[in-house]
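What follows is a set of notes on a single structure, which appears directly below.
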Amino acid sequence: MPPLPVLNLHLQRTNPTLFSKQLVKACHEIGFFLLEHDLPNSICERALSETRLFFQKPLEQKMSIYYGHEPSFRGYMPMGVENTEGKTDGREQIEYAAEYGKWKNSSGRCNHNEEEHFYHRLRVAENPWPDTIQPSLRPAINDYVDGVLKIGDQLRDALCLGMGIDPSHLSDSMFRKTSGDEQEPNFWSMKLVSYPPPVKTTNNSASDTEYGVGAHADSNFLTMILQDAKNSGLQVQTIDGKWIDVPPTPANVLICNIGELAQIFSGGYLMATPHRVLRPQDSRISLPVFYNPKLDHVMESMVNPEELTWNRKGQNQWLRKENALMGSVGENSFKSLARSHAEVFKRHHGDLHILGDGRIQLKKNT
């Protein structure tokens, strides 16, 4: 199979029309591409190093920020607590997302009543940082996320240019300007992931599963991934159903892919592509950042797909009745978390019910 398209962000400044054409072509035909970027290597290497250091710590220290204590699904997740498509994933990770500060409700927790959108429970003032055991992690990850989100802004505007959309139409009600510190943040999220090599056991546990994470399509707008330079294991499904390997990439390259919200945004022209991760022979660190509009935004198509030139057959091989594509940023984000973390959902969201297609409803008489 041909390798993934390789784009260079420098071209976005020197020839934005050509860059936008290349970007839209990649996102339409396969939904994945490699991006040579200009974020300083020192920022990327420090984020990888600090993440690696955290996962080398004793389990009891990592559990100091255990995600099961709060309803927002944020914090440390040990091996065996997450599933994809109903199968246990072979990885441990930390889940973080936008910090809301004054934008959270006054109690700092969710209001379990019908007057609040249930997905507002994902808003918290601050992430559970392990400052007592590793104070250097927070600034390293924040610097990395800030840089990647700015790249996300550039890619978003380039997608608009390539599809004939005025980027200014993505108003502050949809995406916050990166310079607007007083505005509600976009609902970005990220994972700090460690994929250890499989270890054969006798009880078919997460330690010996073949996959670090099973096949899935991302629920967000755009994903940007920094990974170890020596190991990958990431695989992408082509439109004809075959799997191709994503090679190891250096710190100056991000692996990027389209999510479900961008698919809705483009009327199906951009493709939220299925992908999975095989367990590596040696441990692997991955830092995906999931770029999104604001939590309350409802995404709708901003183009007429019939006016665009289609170079692939079919809409998307991942469309299926068990997965509702919801334009609501909050609902689509909550859907993914609730399905992957059933125990936390049961513990903190007993007033909610997951339908068979992933939609969330309030239970009656709660």
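The values are calculated or read from the model by the stated rules, or taken from the named source; none is laboratory data. As the structure is a prediction and not an experimental result, all values here were calculated from the model. Virtual Cβ from ideal backbone geometry, glycine too; neighbours counted across all protein chains shown.
Take the conditions modelled with pLDDT of 95 or more, touching a Lys or Arg at 6+ places or on another chain (Cβ under 9 Å), more than 18 Å from Tyr96 (Cα to Cα) and of a type outside the set (D, E, K, R) and apply them to Leu23. Does it pass? Show your work before the answer.
On the way: modelled with pLDDT of 95 or more: yes; touching a Lys or Arg at 6+ places or on another chain (Cβ under 9 Å): no; more than 18 Å from Tyr96 (Cα to Cα): yes; of a type outside the set (D, E, K, R): yes.
Answer is no for this residue.
Could you count how many residues in region 118-137 are outside any loop (DSSP other than H, G, I, E, B) and within 19 Å of Glu60 (Cα to Cα)? Write out each step before concluding.
So the first thing to find is which residues in region 118-137 are outside any loop (DSSP other than H, G, I, E, B), and the list is 118-122, 124, 137.
Subset that is within 19 Å of Glu60 (Cα to Cα): 137.
Adding up the residues that qualify gives 1.
Kindly list the number of the only condition in (1) farther than 21 Å from Ala215 by Cβ; (2) part of a loop (DSSP other than H, G, I, E, B); (3) touching a Phe, Trp or Tyr at 6+ places or on another chain (Cβ under 9 Å) that fails for Gly330.
(2)
What pairs come up if the first residue lies in region 340-358 and is free of Cβ contacts under 8 Å to residues at least 24 places away in the same chain, the second is in a loop (DSSP other than H, G, I, E, B) and of a type outside the set (Gly, Ala, Ser), and their beta carbons are under 6 Å apart, counting only those six or more places apart or on different chains?
His353/Lys363
I'd like to know if region 50-57 contains one or more residues that are within 30 Å of Ile244 (Cβ to Cβ) and aromatic (Phe, Trp, Tyr).
Yes: region 50-57 contains one or more residues that are within 30 Å of Ile244 (Cβ to Cβ) and aromatic (Phe, Trp, Tyr).
With the structure loaded, tell me whether Gly241 is of a type outside the set (D, E, K, R) and more than 19 Å from Pro196 (Cβ to Cβ) or whether it fails that test.
Yes; evaluated as a whole, the condition is true for this residue.
Among the residues of region 92-103, what is the count of those that are within 19 Å of the chain's Cα centre (by Cα) and farther than 19 Å from Ala338 by Cβ?
The qualifying residues number 3.
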